[in-house]
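Asks: To start, I am sharing the structure in question, which I have written as structure tokens.
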Amino acid sequence: MTATIYLDNLSTTPIAAEALDAMRPWLECEYGNASSATHALGWAAAEAVELARDEVARLIGARTSPEVIFTSGATESNNTVLKGIADSHAGSPTHVVTTAIEHPSVLSPADALAARGVEITQVSPDGEGMIDADAVIAAVRPETCLVSIMLANNEVGTLQPIGAIGDALRKRGVLFHVDGAQAVGKVAVDVEAMGIDVLSLSAHKLYGPKGVGALYVRADALPDGLPPLLHGGGQEFGQRAGTLAVAQIVGFGMAAELARGRWREDALHACTLTSALWGHLRAELGERVRLNGSSEHRLPGCLNFSIEGVDGGAVIAATPTLALSTGSACSSHRVGSHVLSAMGLGEDRQQSAIRIGVGRYNTERELALAGSALVVAVQRLARTGARWASA
Ligand SMILES: Cc1ncc(COP(=O)(O)O)c(C=O)c1O
């Protein structure tokens, strides 16, 4: 059987060998509960968690590590922020500004808040998936208690002007949450320099394990933290109850340490490989392949394109040796793409979209093979399929 070429790194990344090695002892013999303060196994676990917390804090430029709390992933972090902020403003008129291209883990809690009477403004992107900083600021009202915007879009990879938005919001004293799930560890993220008050992170997007993430909460923006989503034993400074997943957290810490040391090298590698693939597709298929998203402000390794007249799902079915997607894994049950639709792209362009996520462990040879397989599949579909518009 031919090995799969994994090109779905925006959905999840393979775990780094270093992270897996770091996790092993905490799954095998170091089984203490980090909250057990009465014996050495507990102390060792608590110390390992704090070392990981330091690494995650360093990766994002947090001033102090207790500003980072561990969660089960960015979905939980995003829910904690939206629901927590709404709860802490319950009883007064509340308004939240977000965008039409957020991940479902922001859009769905925002819908739930709207059902509770919170007013939500969704700023629309331009045709490249870019959110205009001025439009965000213009949407802010006196009762706005939160602005929530993703750093990198998970379908088209467009990087938003977070620094400009953060700067303007800080002057207005409005809390700024950023969903950094796709971007942290791939591009420069500095919560201080970018004016970010609250940041959601996910380990499995940066070569760490699944089932763990974090929430950064700036101490001077929210001195008491956010109201917890989960109540219980008071773990994570009272902000997120539940026995800590020590092995996952240790793996996350190691992945964060690795990313801090090599994200530039990773970014260059991913950009080089995606550019070569894009060049090949354009040379072979011409104007029929069209890039979705920004060519300039794009997450390294993300390539989303549509092939005129060819169904994206049919291309994926015709290239079984490639692990690709038609969009986001988290919204693959939906019809069409809310992101491409918000960008103003028609149904045909949405139907024919393919998302490729190139990562740290992909090779030049894999991308060359993927390029050839895609071209062969598209040309065959073009010959046989009715959906090739100009055939
Ligand atoms: C932008 C964005 N936010 C949030 C999430 C959810 O992250 P997790 O899988 O850690 O819950 C994802 C995952 O795809 C994402 O891409």
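No value in this document is a laboratory result; all are computed from the given coordinates. Bear in mind the structure is a predicted one, so any value in this text is a computation, not a measurement. Counting neighbours? That spans all protein chains shown, and the Cβs are built from the backbone with ideal geometry, glycine included.
Asks: Could you size up the charge dipole of the chain around its Cα centre, putting +1 on the beta carbon of Lys and Arg and -1 on that of Asp and Glu, and report it in debye to the nearest 20? Write out the running numbers ahead of the final one.
Replies: On the way: 30 positive and 41 negative charges, 143 e Å.
In debye, rounded to 20, the chain gives about 680.
Asks: Continuing with the same structure: In the range 265-358, which trypsin sites (Lys or Arg not before Pro) fall in coil by DSSP and have 16 or fewer other Cβ atoms within 10 Å?
Replies: 334
Asks: Right, something else. Along Cα→Cβ, 7 Å out, is where each label goes; now give me the distance between the ones at residue 384 and residue 36 in nm to one decimal.
Replies: Result for the modelled spin labels: 6.0 nm.
Asks: Given 25 °C and 0.890 mPa s, how large is the Stokes-Einstein diffusion coefficient of the range 3-56 in µm²/s, with Rh as the Kirkwood radius over Cα pairs?
Replies: 186
Asks: Can I ask one more? Quick one: compute the contact order of the range 206-306, relative version, from alpha carbon pairs under 8 angstrom and 6+ residues apart, as a percent.
Replies: Details: 76 pairs, mean separation 21.8, N = 101.
Value for the range 206-306: 22 percent.
Asks: What ³J(HN,Hα) values, in whole Hz, does the Karplus curve 6.51 cos²θ - 1.76 cosθ + 1.60 give for the range 135-150 when θ = phi - 60°, with x put for Gly and Pro?
Replies: Karplus values, whole Hz, x for Gly and Pro: 5, 5, 5, 5, 7, 6, 10, x, 8, 5, 10, 7, 10, 10, 9, 6.
Asks: Could you tell me the center-to-center distance, by alpha carbons, between the range 14-36 and the range 248-301 in angstrom?
Replies: That distance is 29 Å.
Asks: Looking at the chain as a GNM with Cα springs under 10 Å, which of 313, 251, 91 has the largest mean-square fluctuation?
Replies: Answer for the Gaussian network model of the chain: 91.
Asks: In µm²/s, what is D for the chain at 37 °C and 0.692 mPa s, where D = kT/(6 pi eta Rh) by Stokes-Einstein and Rh is the Kirkwood radius from Cα pairs?
Replies: For these conditions, the coefficient is 151 µm²/s.
Asks: Right, another one. Taking amide H positions as placed 1.01 Å from N in the peptide plane, with prolines and chain starts having none, which residues 5 or more places from residue 202, or on another chain, fall under 5 Å of its amide H?
Replies: Amide H neighbours of residue 202: 214.
Asks: Exactly which chymotrypsin sites (Phe, Trp or Tyr not before Pro) in the range 31-108 are in a DSSP loop and have at most 14 other Cβ atoms within 10 Å?
Replies: 31
Asks: Net charge near residue 141, counting Lys/Arg +1 and Asp/Glu -1 over other residues with Cβ under 12 Å of its Cβ?
Replies: Details: positive: 172; negative: 119, 143.
After counting each charged neighbour, the total is -1.
Asks: Quick one: what are the phi-derived ³J(HN,Hα) couplings along the range 258-266, Karplus 6.51/-1.76/1.60 with θ = phi - 60°, whole Hz, x for glycine and proline?
Replies: 4, 4, 4, x, 9, 5, 5, 4, 4
Asks: Continuing with this model, one more query. Taking the range 60-171 as the region of interest, what is the percent of Cα-Cα pairs per 5 angstrom bin, listed from the shortest bin to the one with the maximum distance?
Replies: 2, 11, 21, 22, 22, 15, 5, 1
Asks: Using unit Cβ charges (K, R positive; D, E negative) and no other charged atoms, how large, in debye to the nearest 20, is the dipole of the range 80-229 about its Cα centre? If you can, show how the numbers build up before the last one.
Replies: Working: 10 positive and 17 negative charges, 65 e Å.
For the range 80-229, the charge dipole is close to 320 debye.
Asks: From the phi of every residue in the range 336-345, what ³J(HN,Hα) in whole Hz does the Karplus formula 6.51 cos²θ - 1.76 cosθ + 1.60 yield, where θ is phi - 60° and glycine or proline is x?
Replies: Computed from phi, the couplings for the range 336-345 are x, 10, 5, 6, 5, 5, 5, 7, x, 7 Hz.
Asks: Now, a different point. Name the residues whose placed amide hydrogens come within less than 5 Å of the amide hydrogen of residue 322, ignoring near sequence neighbours (fewer than 5 apart) on the same chain.
Replies: Those qualifying (amide H under 5 Å, at least 5 residues apart or on another chain) are 5.
Asks: Across bins of 5 angstrom width beginning at 0, how are the C-alpha pair distances of the range 170-302 distributed, in whole percent?
Replies: Per 5 Å bin, starting at 0, the Cα pair percentages come out as 2, 9, 14, 16, 17, 14, 10, 8, 5, 3, 2, 0.
Asks: Now, a different point. Can you tell me how much longer the chain between residue 231 and residue 100 gets when fully stretched, taken as 0.36 nm per residue apart minus their C-alpha distance, in nm with one decimal?
Replies: So the chain would gain 44.1 nm between residue 231 and residue 100.
Asks: Could I ask something else about it? Once label points are set 7 Å from the Cα along Cα→Cβ at both residue 375 and residue 243, what is their separation, rounded to one decimal in nm?
Replies: That separation, rounded to one decimal, is 5.5 nm.
Asks: Note down the nm distance, to one decimal, between modelled labels 7 Å out along Cα→Cβ at residue 284 and at residue 135.
Replies: Once both label points are built, they end up 3.6 nm from each other.
Asks: Would you mind checking which residues have amide H under 5 Å from residue 230's amide H? H placed 1.01 Å from N; only 5 or more apart, or other chain.
Replies: 241
Asks: A follow-up question, please. What translational diffusion coefficient, in µm²/s and rounded to a whole number, does the Stokes-Einstein relation yield for the range 1-120 at 20 °C and a viscosity of 1.002 mPa s, taking the hydrodynamic radius as the Kirkwood radius over Cα pairs?
Replies: Translational D for this selection: 119 µm²/s.
Asks: Helix-only mean residue ellipticity at 222 nm, the chain, DSSP H runs n ≥ 4 weighted -39,500 (n - 2.57), per residue, nearest 500. What is it?
Replies: One gets -13000 deg cm²/dmol as the mean residue ellipticity at 222 nm.
Asks: Work out which GluC sites (Glu not before Pro) in the chain are exposed loop sites (DSSP not H, G, I, E or B, at most 14 other Cβ within 10 Å) and give the longest gap free of them.
Replies: The longest such stretch corresponds to 1-142.
Asks: Same structure again: If R0 is 25 Å, what FRET efficiency do you get for residue 27 and residue 58 from their C-beta distance, rounded to 0.05?
Replies: Efficiency for this residue pair is about 0.55.
Asks: Can you give me the relative contact order of the range 12-131 as a percent, contacts being Cα pairs under 8 Å and 6 or more apart? Spell out each step's value before the answer.
Replies: Numbers: 99 pairs, mean separation 17.8, N = 120.
About 15 percent, as a whole number.
Asks: With +1 on each Lys and Arg Cβ and -1 on each Asp and Glu Cβ, and nothing else charged, work out how big the dipole of the range 229-357 is about its Cα centre, in Debye to the nearest 20.
Replies: On the way: 11 positive and 11 negative charges, 41 e Å.
Using only the charged Cβ atoms, the result is roughly 200 debye.
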